[in-house]
Amino acid sequence: YVEQGDILEELTRYPEALASYNQAIKLKPDHPWNYFNRGLLYDNQEKWELALSDYSQAIVLNPKDSEAYINRGILYYNQEKWELAFSDYNQAIALNPKDANAYYNRGLLYKKQEKLDLALADYNQAIALNPKDANAYYNRGLLYKKQEKLDLALADYNQAIALNPKDANTYYNRAILYDNQEKLDLALSDYNRAIALDPKDANAYYNRAILYKKQEKLDLALSDYNQTIALNPKYTNAYYNRAILYKKQEKFDLALSDYNQTIALNPKYANAYYNRGLLYYNQKNFDLALSDYNQTIALNPKDANAYYNRGLFYYNQKNFDLALSDYNQTIALNPKDANAYINRGLLYYNQKKLDLALSDYNQAITLNPKYALVYYNRGVLYYNQEKLDLALFDYNQAIALNPKYAQVYYHRGNLYKNQEKLDLALSDYNQAIALNPKYALAYYNRGNLYILTKNKQKGIEDLQKAAQLFQEQGDTEGDKRVMEKLRQLGN
């Protein structure tokens, strides 16, 4: 009956196999192997409690059956009854010190308990006893990766694959290792292999999508995010990263939908609120943006970027005290954020706190010496302090870093005009307008320069163009100023 049950179980004819084992137990109720084999059957059917009962009975009848202890230990492990599992693995090893499987499973338990040195010792012993156990190499590889011993991890993944070339998990984890090492072609090959072996592994599609995004293959990344979500509609990170991709593609409604879904699945996902806040801000939904920045900070009070962007929001709302508070907090959390110093410097500048502004601009340049914007801002500050040589140096530096920076040419033109270097001033106004044909102030100042140099007709044409642009841009004060100038000229 036992042999018949084994054959039927192998054919997955479980009811018939069970009937055979039951008959065997009925005939020989004191035979431990009858219970052990029925326990295996129950195990395969995921009838855990029945399996546990049979393994226990097998042990009662034969206390020296190391395999029964191992199998019962595995059941206890899966039920998270760690101490019972540990006791059974120890007993199996005591009964049979050459049973590789017992060391292997005790190694899994040690790893679960974060006792990595003990886990490693058991994996090593399992491999020494059975050098062809692919699972032992695989799990030792996972442990080495956790310990950041990447070369050892890679060697074990390679060996596991050599022993079992059809294990999707090993390819998947080797792909992650290659990915982290920026060996993207090797990583991609392994993700592809993992998916071919297990087409329902949502994690493999998700991580391949991340890789495709790194390679700027956005359509392929999108396809993999879609597949991840199809396989697992509750995969929060897939929605979040797909939202970021949609935003990059300027599909803002789709991005918003995915951020909403991310938050619905995980209401404590701080980064989702933060990025949705950025999207709302760009859509000029300022109240919604502020709400999301607030929620981000509530969930993660150490998110410097959230304070920084909320500070920008407050600044644009002319709520300068709150903006200053947020810039201060940004810098406290991230003292190397050049943008925070630049924007706090700009705020101080507008408050006429020029020494504080200058200090912040200097710090921003120290942090990022190739940031054209901060040289431009510091140049404007020096200009208003009538430190023209320092201002000129900063304008030159800003242009060297960004030759298409129209505003800097405009301001350098003003400086040259102030120094009565009119040809240089004209050249810079020309360049500002070439770079930004709708730069009303540049037309206005060039017009004044033409009039100063007795080229009245060109001056009037520029002033008229400036007036037109001010009107189009809704700048009533600028338009009024130009019209008064034209009236003085008799036009």
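Highest mean first, what order results for 481-487, 72-78 on Cβ atoms within 10 Å?
In decreasing order of mean packing, 481-487, 72-78 become 72-78, 481-487.
Charge dipole (Cα centre; +1 on Lys/Arg Cβ, -1 on Asp/Glu Cβ; no other charges) of the stretch 31-131 amounts to roughly 100 debye.
Would you please give the FRET efficiency between N402 and K268, computed as 1/(1 + (r/R0)^6) with r the Cβ-Cβ distance and R0 = 45 Å, to the nearest 0.05?
Efficiency at R0 = 45 Å is approximately 0.65.
Against the chain, whose longest principal axis comes from its Cα atoms, helix 184-197 is set at around 40 degrees.
Separation of the alpha carbons by more than 18 angstrom is noted, of K247/K438; K112/K146; K81/K234; K456/K485; K417/K438; K213/K404, for K247/K438; K81/K234; K417/K438; K213/K404. Within the stretch 17-60, all pairs of alpha-carbon atoms sorted by distance into 5 Å bins from zero give the percentages 6, 30, 33, 24, 7, 0. Length, then width, then depth: along the principal axes, the Cα atoms of the stretch 118-274 run 58, 30, 25 Å. The alpha carbon radius of gyration of the stretch 40-105, expressed as a multiple of 2.2 N^0.38 Å, is 1.01.
Loop-located GluC sites (Glu not before Pro) in the stretch 39-87 (DSSP state not H, G, I, E or B) with no more than 15 neighbouring Cβ atoms inside 10 Å: E46, E80. Coordinate range of the alpha-carbon atoms in the stretch 270-325 per principal axis, descending: 26, 25, 13 Å.
Residue-wise HN-Hα couplings along the stretch 439-446, as the Karplus relation 6.51 cos²θ - 1.76 cosθ + 1.60 with θ = phi - 60° gives them from phi, are 7, 4, 4, 5, 4, 4, 6, 5 Hz; Gly and Pro carry x.
Please compute the Kirkwood hydrodynamic radius over the stretch 272-421, one decimal place, Å, based on all pairs of different Cα atoms.
Radius from the Kirkwood sum: 16.3 Å.
Charge dipole (Cα centre; +1 on Lys/Arg Cβ, -1 on Asp/Glu Cβ; no other charges) of the chain amounts to roughly 2000 debye.
Cα convex hull, the stretch 151-235: 80 Å³ per residue, rounded to a whole number.
Rg over Rh for the stretch 1-122 works out to 1.02, both radii taken from alpha-carbon positions and Rh defined as the Kirkwood radius.
Semi-axes of the equivalent ellipsoid for the stretch 200-298, computed as √(5λ) from the eigenvalues of its C-alpha gyration tensor and ordered from largest down, come to 24, 15, 10 Å. With the Kirkwood sum run over all distinct C-alpha pairs, the chain has a hydrodynamic radius of 29.3 Å. Note on the stretch 347-455: dipole from Cβ charges, positive end direction compared against Y371, N396, L435; the farthest Cα belongs to L435. Here the Karplus relation 6.51 cos²θ - 1.76 cosθ + 1.60, evaluated at θ = phi - 60°, turns the backbone of the stretch 385-394 into coupling constants of 8, 6, 9, 5, 5, 5, 4, 4, 4, 5 Hz, with x for every Gly and Pro.
Volume of the convex hull of the stretch 356-441 (Cα atoms only), normalised per residue: 85 Å³.
The helix-only estimate of mean residue ellipticity at 222 nm for the chain, built from DSSP H runs of length n ≥ 4 each weighted as -39500 (n - 2.57), is -25500 deg cm²/dmol after division by the residue total.
Values in this text are rule-based calculations from the coordinates and carry no lab data. Note that the structure is a prediction, hence the values are computed from the model and not measured. Because the Cβ atoms are built from the backbone with ideal geometry, glycine has one as well, and the counts that use them run over all protein chains shown.
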